[in-house]
1. What is the residue count in the stretch 164-178 for residues that are in a loop (DSSP other than H, G, I, E, B) and surrounded by fewer than 22 Cβ atoms within 10 Å (Cβ to Cβ)?
2. Given (1) modelled with pLDDT under 95; (2) over 17 Å from the mean Cα position of the chain (by Cα), identify the lone condition not met by LEU131.
3. All but one of (1) in a helix (DSSP H, G or I); (2) surrounded by 22 or more Cβ atoms within 10 Å (Cβ to Cβ) hold for ASP151, so report the exception by its number.
4. Conditions first: (1) assigned by TED's automatic domain parsing to the domain that holds ILE228; (2) acidic (Asp, Glu); (3) under 26 Å from GLY211 (Cα atoms). GLU158 passes all but one, so which condition is the exception?
5. Pairs please, first residue from the stretch 151-162 and touching a residue at least 12 places away in the same chain (Cβ under 8 Å), second anywhere and in a loop (DSSP other than H, G, I, E, B) and loosely packed, with under 13 Cβ neighbours inside 10 Å, Cβ atoms under 6 Å, 6+ apart in sequence or on different chains.
6. Please verify whether the stretch 199-209 includes one or more residues that are closer than 18 Å to GLY145 by Cβ and among the acidic types (Asp, Glu).
7. Cβ-Cβ distance below 6 Å, separation of 6 or more or different chains: which pairs start in the stretch 239-259 with a residue that is in contact (Cβ under 8 Å) with a residue 12 or more places away in the chain and end on one that is crowded, with 20+ Cβ neighbours inside 10 Å and in a helix (DSSP H, G or I)?
8. Given VAL114, VAL175, VAL139, VAL149, which one is touching a His at 6+ places or on another chain (Cβ under 9 Å), under 22 Å from SER276 (Cα atoms) and at pLDDT 95 or above?
Amino acid sequence: MPAQVVDGRGIAAGIRREVQGEVETLAVKQGRPPTLAVILVGEDLASTTYVRNKGKACEEVGIKSVQIHRPASVSREALLDILHGLNKDETIDGILVQLPLPPHIEERSILEVVDPAKDVDGFHPSNLGGLLTGHPRFVASTPLGIMEVLDRFRIAIEGRDAVVVGWSTIVGKPVAFLLLQRRATVTVCQKWTRDLDQYTRQAEILVVAAGKPGFVKGDMVKEGAVVIDVGINRVDGRLVGDVDFASVYPKASLITPVPGGVGPLTVAMLLKNTLSSYKARIGLSSKP
């Protein structure tokens, strides 16, 4: 039986409605809406598009978006000054530094300065480290979106064999720890893993974030597996994932398409993180 195809846009719209409802109520009581500050450096087209889309998404749900744009020539010291100001600003609930940064600025040295309590992107070392103990303030939006899919489709996680292909700090590592926390048996592979198909064919839950278009084929997937494709690749003018959808679709029980799968959920979960930070800062929860 062909796979059930996840409507990421529909799920994201539902999350946005949930966030909007809370924001409308809380903004009236508190006298201000949640506020997200986004720092964009340079003129990278993809980054500019992402920031614009994030701003529009914030506006739709009532979150105030503060966008700070600096030229690619900006110094590290100037960026640090901006971050220190945002950290101290009590009206700022979330801070996001759009990556990548220009080559002359080490990304880690910037991300480490963001206040962990405002790090709605989940990239600060203390939040990444919190995944190890199971108590992060924030988790990166894409891994959160993946878990949202699994939960909304009532996918059993405890005791299942899960394989994550890709080990980035943005997707692979965080989602592996999230699955471990839910008592899955997790194997983390890379696109260079020898005999990769021996691992992927054992996966009941397969998350692919390898950065290689059409990398995982149907013969690499277990019958009835849940397949989460995180890849975003442009091939011949169209977006495709890391999973060869045509050959995997007949074998999987559930699959996320590209586009329209995990992608829309990434922005939706960022909004949810920003709302969580706001609520924590006004004393409505002990932590985001």
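1. Restricting attention to the stretch 164-178, the residues satisfying the condition of being in a loop (DSSP other than H, G, I, E, B) are 166-171.
Pick out the ones that are also surrounded by fewer than 22 Cβ atoms within 10 Å (Cβ to Cβ) and you get 167-170.
Counting residues in the stretch 164-178 that are in a loop (DSSP other than H, G, I, E, B) and surrounded by fewer than 22 Cβ atoms within 10 Å (Cβ to Cβ) gives 4.
2. Every listed condition holds for LEU131 apart from (2).
3. Evaluating ASP151 over (1) in a helix (DSSP H, G or I); (2) surrounded by 22 or more Cβ atoms within 10 Å (Cβ to Cβ) leaves (2) as the failure.
4. Of (1) assigned by TED's automatic domain parsing to the domain that holds ILE228; (2) acidic (Asp, Glu); (3) under 26 Å from GLY211 (Cα atoms), only one is false for GLU158: (3).
5. Pairs found: GLU158/ARG183.
6. Within the stretch 199-209 (the criterion being closer than 18 Å to GLY145 by Cβ and among the acidic types (Asp, Glu)), the answer is no, since none of the residues qualifies.
7. That search, which allows pairs on different chains as well, returns THR256/VAL262.
8. Values: VAL175 fails: touching a His at 6+ places or on another chain (Cβ under 9 Å); VAL139 fails: touching a His at 6+ places or on another chain (Cβ under 9 Å); VAL149 fails: touching a His at 6+ places or on another chain (Cβ under 9 Å).
None of the other options fit; the residue is VAL114.
The values are calculated or read from the model by the stated rules, or taken from the named source; none is laboratory data. As the structure is a computational prediction, the values presented were derived from the model and not from experiment. So basically every Cβ, Gly included, is an ideal-geometry build from the backbone, and we count neighbours across all protein chains shown.
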